[in-house]
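Please treat every number below as a calculation from the coordinates, not as lab data. As the structure is a computational prediction, the values presented were derived from the model and not from experiment.
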């Protein structure tokens, strides 16, 4: 089922927490880049070996199966085993690094995706500078940015079908929200993330179709709880 949506939020942090989060996320990104590059090399080698001596080899299906960790025999007979393998082991695009590795192994050339895999290069999985990086990609539809002057961290997901789900399920997205949950919020720090989706926009009642809050942190969460408590008290 489709779900076109987007998400964006700005979260202010203390000097200490901002610096810790930014550095931790850059370190995580660089570690992930190294892991993804190694996986790309492994998948490329598996595809070359499986396709050796075969005409009209189905590289696209074989790539998906390689991302699922299938054996060379399965890759050699990708078309035959594809459906039953995917049913048993899950969708390949849900595997970490799927979109990044596919973009490198099968780049677009003259508007068409390459039919045969290209050799991955380490520079295609470049590291970010630990002390100066201010933006980290989350897949190819989302990102995290850091404003050192204001100590504001911004989470942004572009509008697309299931783009919010993909961003939250991406290793970088998971790490970001895990670290956010551990932040010690001080006075005047915090913020909220808002979003919208195609189903919410269909609402026709009063206040319907407007953007909604997906998560709150620090002062934003405190104010929300206080307003909610006041409403309950007033009603009683």
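Taking Cα atoms only, the orientation of helix 15-51 departs from the longest principal axis of the chain by about 20 degrees.
With a ≥ b ≥ c taken as the square roots of the eigenvalues of the C-alpha gyration tensor of segment 85-214, please select rounded if a/c is under 1.5 and otherwise prolate if a/b is larger than b/c or oblate if it is not? Kindly include the intermediate steps, with their values, before the conclusion.
Details: a/c = 2.12, a/b = 1.31, b/c = 1.62.
Oblate is the answer for segment 85-214, as a/c is 1.5 or above yet b/c matches or exceeds a/b.
Based on the Cα gyration tensor of segment 1-67, what are the three equivalent ellipsoid semi-axes, each the root of five times an eigenvalue, rounded to whole Å and given largest first?
Semi-axes, largest first: 40, 20, 5 Å.
Average 1/r across all pairs of distinct alpha carbons in segment 33-124, invert it, and you get the Kirkwood radius: 13.3 Å. Cα centroid distance between segment 18-73 and segment 169-204, in Å? Answer, in whole Å: 29. Just round it to a whole percent: the fraction of Cα-Cα distances in the chain exceeding 30 Å. When all Cα pairs of the chain are counted, 41 percent exceed 30 Å.
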